[in-house]
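Shown next, in structure tokens, is the structure this report addresses.
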Amino acid sequence: MSTSGPTTEIRALARYLEAARSLVVLSGAGISTESGIPDFRSPGGLWSRYDPSEFTFQRFCANAETRRRYWEMGASLYPLLKRAEPNRAHRALAALERRGGLHRIITQNIDGLHQRAGNTPERVIEIHGTALEVTCLSCGARQDRDPVQARFAAGDLDPHCECGGILKPATISFGQAMPERETATAFADAAAADVFLVVGSSLVVFPAADLPAVALERGATLLIVNREPTLYDAAATLALHGTAGEILGGI
Ligand code: APR
């Protein structure tokens with residue numbers, strides 16, 4: 001019987017997480033695949049169905065056809081997000097907050113599932129925005145996405161704001177400026193963490209993928225839970241390869 005079986009690793013992970021004084025978590029799309037939301041870079045992921053270079057912020061702003069394609073992609077994805085339920089991994093992070101010690105979840109996800117699982121909204125930084133709301137690129141007005149996605153379905157293929165501005169889901173697209181306050185807070189949190197846990201991210205998109213490096217520089221213990229290896233595995237104290245639901249659900 002192997003002494004270093006998965007349960008031994010999960011027990012070691014649990015010990016690090018319980019001992020953390022200021023745990024910071026960086027989550028990626030991999031934490032939500034067990035909730036039915038595809039990730040981006042796994043086989044069958046979103047970028048195997050859509051070309052990310054088509055949906056840069058510049059292209060979205062520049063032409064109505066890109067905006068129509070983007071809302072059309074949303075027509076199939078948005079209902080998935082709305083229907084999705086938090087899974088065991090999300091619930092485990094909510095339980096960690098209730099136990100104390102969890103300082104922040106920095107999520108690259110746009111599905112709102114951490115908040116739905118019970119993590120306090122103030123403790124969750126949505127560094128790539130949210131797909132559940134729409135923002136006007138001119139006046140900045142925010143609204144729920146339902147009515148705007150419905151306008152698109154009813155034939156308004158390039159929804160605009162009452163002010164005349166272009167409406168866009170409140171996510172951060174490639175080429176779009178990162179949310180300043182959220183990004184600065186995320187980097188400050190990573191620099192102050194004693195334990196930094198990455199869950200379900202390929203760690204290839206910046207600046208989010210710099211966060212584990214900032215935590216390591218300040219002497220944090222890096223823990224990784226991901227189905228595939230990441231470039232940070234060698235620098236991690238623990239890198240567990242498997243499904244987040246099973247591993248985090250097991251702590
Ligand atoms: N459990 C654990 N890991 C998983 C699971 C799972 N159930 N499902 C997938 N994974 C892993 C994959 O192996 C992959 O390494 O999660 C990772 C997801 O990586 P990506 O699809 O690249 O998602 P993410 O890292 O969040 O992408 C970052 O890229 O396109 C942009 O803005 C988008 O926020 C996104 C950013």
Exposure-ranked with fewest Cβ neighbours within 10 Å first, L13, L23, L216 stand as L216, L13, L23
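Report Rg(Cα)/(2.2 N^0.38 Å) for the chain, keeping two decimals.
Relative to the rule-of-thumb radius for its length, the chain sits at 1.04.
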Region 18-32 - phi-based ³J(HN,Hα) in whole Hz, Karplus 6.51/-1.76/1.60, Gly and Pro as x: 6, 7, 5, 8, 9, 7, 10, 10, 10, 10, x, 4, x, 7, 9
Which whole-Hz couplings ³J(HN,Hα) result when phi for each residue of region 105-110 is put into the Karplus expression 6.51 cos²θ - 1.76 cosθ + 1.60, θ = phi - 60°, listed in order with x for Gly and Pro? 10, 9, 10, 8, 7, 10
Over region 11-71, what lengths in whole Å, largest first, do the semi-axes of the equivalent ellipsoid take, defined as the square roots of 5 times the eigenvalues of the alpha-carbon gyration tensor? 36, 15, 8
C-alpha center-to-center spacing [region 119-174, region 188-251] in angstrom: 30
Over region 94-242, calculate the relative contact order: mean separation of alpha carbon pairs under 8 Å at least 6 apart, over the residue count, as a percent. 16
Before anything else, pin down the relative contact order of region 106-176: Cα pairs under 8 Å, at least 6 apart, normalised by residue count, whole percent. 32
Cα-based helix-to-principal-axis angle, 64-83 vs the chain, degrees rounded to 10: 50
Separation of the R68 and R11 label points, Cα + 7 Å toward Cβ, nm: 6.1
Once phi for every residue in region 94-102 is put through the Karplus expression 6.51 cos²θ - 1.76 cosθ + 1.60 (θ = phi - 60°), the whole-Hz ³J(HN,Hα) values, with Gly and Pro written as x, are 5, 5, 5, 5, 5, 6, x, x, 7
Got the relative contact order for the chain handy, in percent, Cα pairs under 8 Å and 6 or more residues apart? 25
Stokes-Einstein diffusion coefficient of region 88-161, Kirkwood radius over Cα pairs, 25 °C, 0.890 mPa s, in µm²/s: 174
Candidates P86, P52, P38; GNM for the chain (alpha-carbon contacts under 10 Å) flags as most fluctuating P52
List every residue whose amide H lies under 5 Å from the amide H of D39, counting only residues 5 or more places away in sequence or on a different chain, with H placed 1.01 Å from N in the peptide plane. L46
For the chain, which span is the longest to avoid every loop-located (per DSSP) member of chymotrypsin sites (Phe, Trp or Tyr not before Pro) having at most 16 other Cβ atoms inside 10 Å? 51-173
Over the C-alpha atoms of region 174-234, what are the Rg and the largest Cα-to-Cα span, Dmax, in Å? 11.8, 32
In the calculated pair distance distribution of region 89-237, what percentage of Cα-Cα distances lie above 22 Å? 47
Please arrange D144, D156 by counting, for each residue, the other beta carbons lying within 10 Å of its beta carbon, fewest first. D144, D156
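Here, each number is a calculation from the coordinates, and none is a lab measurement. Not measured: the values here are computed from a predicted model. Glycine also receives a Cβ, built like all others from the backbone with ideal geometry; neighbour counts cover every protein chain displayed.
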